[in-house]
Amino acid sequence: MLMNAIEAKEISHSYEYEGSKNLSLKGVSLTVELGEFIAILGHNGCGKSTLAKHLNALIPLQQGDLTVAGLDAKGKANIRRIRRACGMVFQNPDNQFVSSIIKEDIAFGLENYGTPEDQIPEITASVLEAVGMGGYENKSPHMLSGGQKQRIAIAGVLAVAPDILIFDEATAMLDPEGRQEVLYTMKSLRDENHKTIIMISHYVEEAVSADRVYLIHDGEIIAGGTPREILTNPELLMRAGLLPPFAVRVYYDLKLAGVRLEKCPLTNEELAEEICRLK
Ligand SMILES: Nc1ncnc2c1ncn2[C@@H]1O[C@H](COP(=O)(O)OP(=O)(O)O)[C@@H](O)[C@H]1O
Ligand SMILES: [Mg+2]
């Protein structure tokens, strides 16, 4: 059976419903296939978190249609199933733990979903392994680096076996090393565990290796396409209030100065290759 992970049609939302014209989402439509790695980029306040909270039923649907992992988000019937099918990792790693011992924290989520107690240690070991934190069961999250904390938070979400994981600016509070760890974990969850990944960010560089990128601005999706289509288009990114990736900015700066690279690079590695090709 072919089923999309997310199908959103014309979702509109206002925080003060009933007559409020201040829309935080304006007719948002998007489709995410199972197993895709999608980046949603936009500047602060454009509606990213509001959209994310729709996708895991933290905000009830006011207008439009939404299906998550084949479950209709209209009404209340599927709320619990949607939350389980679509897990969310948030920005602040320190706000995501209920226990000071990692295995207890992961067990808490599992018990909430009625997982038999004798299965919990095995599930805990396997999700810690999946995020590269195998053997950390008895440690405290508070002793870990930011990147490690986020990976433990991801393990907690993974434990209830969601099909989809949403990362709402999950790297924003991390140092460069932690950011790399979490990005790598997202990719490995897609590649090794067949999860659908939705990564919300305002760091354009993080979207470079996504399968597809959506740009959101002022509650609207203003563009969708491959990273190359979207991220090498400075005008489009400027409209969303974002700067292109470093390599793209250098390409256009060089062009202005009369130096033409053969193709517009997306990453610093590609930029170096293009520069080496000059002469
Ligand atoms: N709980 C809330 N009550 C009222 N307005 C809100 C609330 N949360 C967000 N907003 C507003 O909705 C808009 C979108 O916010 P949000 O989805 O958090 O954007 P982003 O995640 O892209 O920064 C912003 O104008 C914000 O001020
Ligand atoms: Mg947000």
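The values are calculated or read from the model by the stated rules, or taken from the named source; none is laboratory data. All values derive from a computational prediction rather than experimental measurement. Cβ atoms come from the backbone with ideal geometry, glycine included; neighbour counts cover every protein chain shown.
Within the stretch 208-223, track down each residue that is of a type in the set (Ser, Thr, Tyr) and either assigned to a helix (DSSP H, G or I) or buried (at least 18 other Cβ atoms within 10 Å of the Cβ) (or both).
The answer is Tyr214, and nothing else.
Could you run through the stretch 215-234 and say how many residues are of a type in the set (Ser, Thr, Tyr) and within 12 Å of Phe37 (Cβ to Cβ)?
Summing the residues that are of a type in the set (Ser, Thr, Tyr) and within 12 Å of Phe37 (Cβ to Cβ) in the stretch 215-234 gives 1.
Which of the residues spanning the stretch 22-43 are polar (S, T, N, Q), at pLDDT 95 or above and either within 11 Å of ligand 1 (Cβ to nearest atom) or under 20 Å from Val182 (Cβ atoms) (or both)?
Ser24
Since Glu177 meets every condition but one in (1) closer than 30 Å to Leu236 by Cα; (2) of a type in the set (Asp, Glu); (3) more than 16 Å from ligand 2 (Cβ to nearest atom); (4) touching a strand residue (DSSP E or B) at 6+ places or on another chain (Cβ under 8 Å), which condition does it not meet?
Going through the list (1) closer than 30 Å to Leu236 by Cα; (2) of a type in the set (Asp, Glu); (3) more than 16 Å from ligand 2 (Cβ to nearest atom); (4) touching a strand residue (DSSP E or B) at 6+ places or on another chain (Cβ under 8 Å), Glu177 breaks only (4).
Please work out which residue is farthest from ligand 1 (Cβ to nearest atom), limiting yourself to the stretch 44-100 and to residues that are farther than 22 Å from Ala240 by Cβ, of a type in the set (Gly, Ala, Ser) and assigned to a loop (DSSP other than H, G, I, E, B).
Per the stated criteria, the residue is Ser100.
Return the pair list, or none, for Cβ contacts closer than 9 Å from residues in the stretch 35-57 that are within 22 Å of Asn78 (Cα to Cα) to residues that are among the aromatic types (Phe, Trp, Tyr) and more than 10 Å from ligand 2 (Cβ to nearest atom), at least 6 apart or on different chains.
So the pair list comes out as Thr50/Tyr15; Ala52/Phe167.
So which residues in the stretch 91-104 are at pLDDT 95 or above and surrounded by 19 or more Cβ atoms within 10 Å (Cβ to Cβ)?
Ile102
Condition check: over 15 Å from the mean Cα position of the chain (by Cα) and within 16 Å of ligand 2 (Cβ to nearest atom). Does Asp218 satisfy that?
It is true that Asp218 is over 15 Å from the mean Cα position of the chain (by Cα) and within 16 Å of ligand 2 (Cβ to nearest atom).
Scan the stretch 239-263 residue by residue and report those that are over 19 Å from Gly224 (Cα atoms) and part of a loop (DSSP other than H, G, I, E, B).
Across the stretch 239-263, the qualifying residues are Ala257, Gly258, Val259, Arg260, Leu261, Glu262, Lys263.
With the requirement that a residue be under 12 Å from the mean Cα position of the chain (by Cα) and more than 16 Å from ligand 1 (Cβ to nearest atom), what does the stretch 196-210 give you?
Hits for the stretch 196-210 are Thr196, Ile197, Ala210.
Going by the structure shown, is Leu66 more than 16 Å from ligand 2 (Cβ to nearest atom), over 20 Å from Asp211 (Cβ atoms), in contact with a helix residue (DSSP H, G or I) (Cβ under 7 Å, 6 or more places away or on another chain) and in contact (Cβ under 8 Å) with a residue 40 or more places away in the chain?
Yes, satisfied.
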